[in-house]
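Undergrad: Please see the structure below; I have some questions.
The values are calculated or read from the model by the stated rules, or taken from the named source; none is laboratory data. Note that the coordinates shown come from a computational prediction; the quantities given were computed from them, not determined experimentally. Every residue, glycine as well, gets a Cβ built from its backbone with ideal geometry; the counts of neighbours run over all protein chains shown.
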Amino acid sequence: MEIFGVDIGGSGIKGAPVDLDRGDLAQERHKVLTPHPATPDAVVEGVREVVEHFGWTGDVGVTFPGVITNGVVRTAANVDKGWVGKDIRKLVSDRLGGACVTVLNDADAAGVAEMHRGAGQGRTGTVLMLTLGTGIGSALFTGGRLVPNTELGHLELHGHDAEKKASSKAREDEDLSWEHWARRVQKYLAHVEMLFSPELFIIGGGVSRKAHKFLPLIEGIEAEIVPAQLQNNAGIVGAAMAAAGEA
């Protein structure tokens with residue numbers, strides 16, 4: 001069975017049909033740049049472009065970098081503030097000609113994919129998926145069940161939103177060495193571990209492809225820390241799983 005997944009990020013909108021039996025992309029993903037400003041109309045048009053690239057006409061799962069409740073955007077930290085209060089589920093459905101659309105937080109989608117098909121399989125304790133990208137997304141699981149919309153990237157750490165210091169974007173913007181950035185990530189993980197005592201951290205986002213450059217430098221964390229197995233495709237896969245009712 002295939003369902004289409006779209007992952008809206010701060011830098012790109014990417015999507016592909018997903019083979020739910022394999023828990024992986026059925027075709028190579030297509031990506032367009034996230035428009036700036038990332039207004040609702042411009043972003044929804046980007047979603048349409050990605051979906052129509054494949055000639056897809058069925059159900060679609062979509063991720064969004066913010067809090068989503070009943071299809072409505074509640075926060076928009078890394079996209080245009082005009083999103084707040086908008087029914088993204090309806091906007092995307094209308095643009096796609098009435099398709100059945102499911103929307104969830106981007107990190108929650110990545111976490112769903114990792115728990116079902118990746119690094120979190122079989123783990124029934126407290127698991128935290130953290131996506132290090134334009135910001136920091138989080139997905140919290142206990143007993144294998146998702147606690148949605150945790151947004152732990154906005155925890156205050158040393159007087160700042162944690163994602164302003166420990167995201168992948170912060171590393172790039174400040175031209176930090178892997179060692180310097182790993183110390184920041186370590187401080188963030190220690191703070192989150194103090195609050196939630198997870199048994200496992202799954203580190204996702206595009207930077208997970210380079211996990212070997214920074215995860216071995218992180219010390220003093222009791223929880224196991226592993227890179228996401230689905231890497232930067234996790235959001236697409238999780239969006240499709242949510243659309244199929246597997247979240």
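Undergrad: Can you say whether Ile13 is touching a Leu at 6+ places or on another chain (Cβ under 9 Å), outside the structural domain of Val147 (by TED's automatic domain parsing) and buried (at least 18 other Cβ atoms within 10 Å of the Cβ), as far as the supplied structure shows? Spell out the reasoning first.
TA: Numbers: touching a Leu at 6+ places or on another chain (Cβ under 9 Å): yes; outside the structural domain of Val147 (by TED's automatic domain parsing): yes; buried (at least 18 other Cβ atoms within 10 Å of the Cβ): yes.
Yes; evaluated as a whole, the condition is true for this residue.
Undergrad: A further question follows. Quick one: which residue in Val43, Val51, Val32, Val60 is in contact with an Asp or Glu (Cβ under 6 Å, 6 or more places away or on another chain) and either among the hydrophobic types (A, V, I, L, M, F, W, C) or closer than 21 Å to Ala244 by Cα (or both)? Give the steps one after another, and end with the answer.
TA: Working: Val43 fails: in contact with an Asp or Glu (Cβ under 6 Å, 6 or more places away or on another chain); Val51 fails: in contact with an Asp or Glu (Cβ under 6 Å, 6 or more places away or on another chain); Val60 fails: in contact with an Asp or Glu (Cβ under 6 Å, 6 or more places away or on another chain).
Residue meeting the stated conditions: Val32.
Undergrad: Of everything in segment 63-92, what is under 21 Å from Ala247 (Cα atoms), among the charged types (D, E, K, R) and outside any helix (DSSP H, G or I)? Give them in sequence order.
TA: Within segment 63-92, Arg74, Asp87 qualify.
Undergrad: Could you list, in sequence order, all residues of segment 177-196 that are of a type in the set (Gly, Ala, Ser) and closer than 13 Å to Glu163 by Cα?
TA: Selection gives nothing.
Undergrad: Let me ask something else. From the residues in segment 35-73 that are in contact (Cβ under 8 Å) with a residue 60 or more places away in the chain and in contact with a Gly (Cβ under 9 Å, 6 or more places away or on another chain), which one is surrounded by the most Cβ atoms within 10 Å (Cβ to Cβ)?
TA: Residue satisfying both the conditions and the ranking: Val62.
Undergrad: Let me ask something additional. Go through segment 141-247 and tell me which helices (runs of 4 or more DSSP H), entirely inside it, have 2 or more residues that are crowded, with 18+ Cβ neighbours inside 10 Å and free of Cβ contacts under 8 Å to residues at least 60 places away in the same chain.
TA: 162-166, 168-173, 178-196
Undergrad: Restricting attention to segment 109-127, and to residues there that are buried (at least 24 other Cβ atoms within 10 Å of the Cβ) and of a type outside the set (Gly, Ala, Ser), which single residue is nearest to Tyr188 (Cα to Cα)?
TA: Val127
Undergrad: Can you give me the number of residues within segment 7-29 that are over 19 Å from Ala243 (Cβ atoms) and small (Gly, Ala, Ser)?
TA: Looking only at that region, the number is 3.
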